[in-house]
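One structure is given below, encoded as structure tokens.
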Amino acid sequence: MVAVVNETLKRVLTALIVLPLAITGIFWDFQHYLAFSVIVLIASILMALELLSIAEIKMIRVYKIISVASVSLILLSVYLSTFRSDNIHGELILFILILSTIIIFLFETFQNSYRLTLEIVSIHILVLVYCGVAISYLLKLQSISPYDLLYVWLITWMTDTGAYFSGKYLGKHRLNLKASPNKTLEGFIGGIFFSLLSGVLLVFLLPQQYSADRSSFYSWPVLIPVTVLFAVISIFGDLAESIMKRSGGVKDSRSYIPGHGGVLDVMDSLVYTVPLFYFLQILLKKS
């Protein structure tokens, strides 16, 4: 019981520190949100290193410098694209992906064993897509509207928070998922409930910023079911990361963040929700 209370206290204290910093970063429009972009870049690098460390546990050879440099270049290209009117960054991302993969194959030709070469290349591509391309949509969504980014970040975070507390204190019916044996039906429902509640409150408190005239997403008939859908996607993102960790036989990717684990543990759901939310807003946004 003491351990549970301590873990809960760590989560609450971390939230009290991170929450105001995150909101400040999202809305601080200095040099095209430079501070937020730097934070996202650092998070992406740490995510890449954590994911590569899981591969190392499985005795898979990794090329950290190439992978981290490639992830950094992807984020840099997306950030710089906010100053330009063309879409060259999209071509540049593909170029980085292809060139870095070729380089890794080149390094592999000088190895004594090729038994895990396909796994090595696959891990590299996963890192670039997961920690580079997907995370870059945080910057792309912010360039459309910081309020859109705030919304998807809030409902994703509240899904995780609601699922944690509901499962920890009310959970009785386990879902029996091998990826995450401690997940419960109560946690699943609690995550969706808190996500929907926080989303509705945000739209209610800031009606001008979340007007249906700006985006059809914020009309009530769309907002409620789609927010529930994104809560489910957020839970899936957490499960997907659990699969990665179990594949490497680790509980947390790292222990940088008290009560949460590593950066990968914190960002796992955003990898899925933010890109999907970005494309949805492109479809629903009104001119």
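FYI, it's all coordinate maths here, none of it is from the lab. In this text the structure is predicted, and so the values were computed from the model without any measurement. Cβ coordinates were reconstructed from backbone atoms using ideal geometry, including for glycine residues, and neighbour counts include every protein chain displayed.
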For THR184, other-chain or 5+-apart residues with amide H closer than 5 Å (H placed, Pro excluded) are LEU175
Rank by packing, highest mean first: peptides 143-150, 176-183, 198-205, 156-163, with packing defined as the count of other Cβ atoms within 10 Å averaged across residues.
156-163, 143-150, 198-205, 176-183
Order by protection proxy (mean Cβ within 10 Å, highest first), peptides 242-248, 39-45, 58-64:
39-45, 242-248, 58-64
Could you tell me what fraction of 2.2 N^0.38 Å the Cα radius of gyration of the chain comes to, as a two-decimal ratio?
1.04
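Applying a 10 Å radius around every beta-carbon, put 223-229, 75-81 in order of their mean neighbour count, most first. Walk me through the intermediate numbers first.
Values: 223-229: 16.1, 75-81: 20.4.
Going from most to least packed, we get 75-81, 223-229.
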Please give the charge dipole size of the chain, origin at the Cα centre, charges +1 on K and R Cβ atoms and -1 on D and E Cβ atoms. Round to the nearest 20 debye.
520
With charges only on Cβ, +1 for K and R and -1 for D and E, what is the dipole size of the stretch 31-144 about its Cα centre, in debye, rounded to 20?
80
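Enumerate the helices in the chain for which the Kyte-Doolittle hydropathy averages 1.0 or more and the C-alpha atoms extend at least 24 Å along the helix's axis, using complete DSSP H runs. Let's see the in-between values first.
Working: long enough: 2-27 (38 Å, 1.62); 34-57 (35 Å, 2.34); 64-81 (25 Å, 1.88); 88-108 (30 Å, 2.23); 146-170 (34 Å, 0.29); 185-205 (30 Å, 2.13); 220-248 (42 Å, 1.17).
Answer set is 2-27, 34-57, 64-81, 88-108, 185-205, 220-248.
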How far is the Cα center of the stretch 147-216 from the Cα center of the stretch 87-129, in Å?
36
Hey, which of these cross-link pairs are over 29 Å Cα-Cα: LYS58/LYS168; LYS140/LYS168; LYS172/LYS245; LYS58/LYS178; LYS64/LYS168?
LYS58/LYS168; LYS140/LYS168; LYS64/LYS168
Taking springs between alpha-carbon atoms closer than 10 angstrom, which of LEU196, LEU21, LEU264 fluctuates most in the Gaussian network model of the chain?
LEU21
Once the dipole of the chain is set up with Lys and Arg at +1 and Asp and Glu at -1 on Cβ about the Cα centre, which of GLY187, LEU175, ALA163 lies farthest towards its positive end?
LEU175
Given 37 °C and 0.692 mPa s, compute D for the stretch 146-287 with the Stokes-Einstein relation, Rh being the Kirkwood radius over Cα pairs; round to the nearest whole µm²/s.
209
Which residues qualify? For SER215, with a placed amide H closer than 5 Å and at least 5 residues away or on another chain, they are LYS286
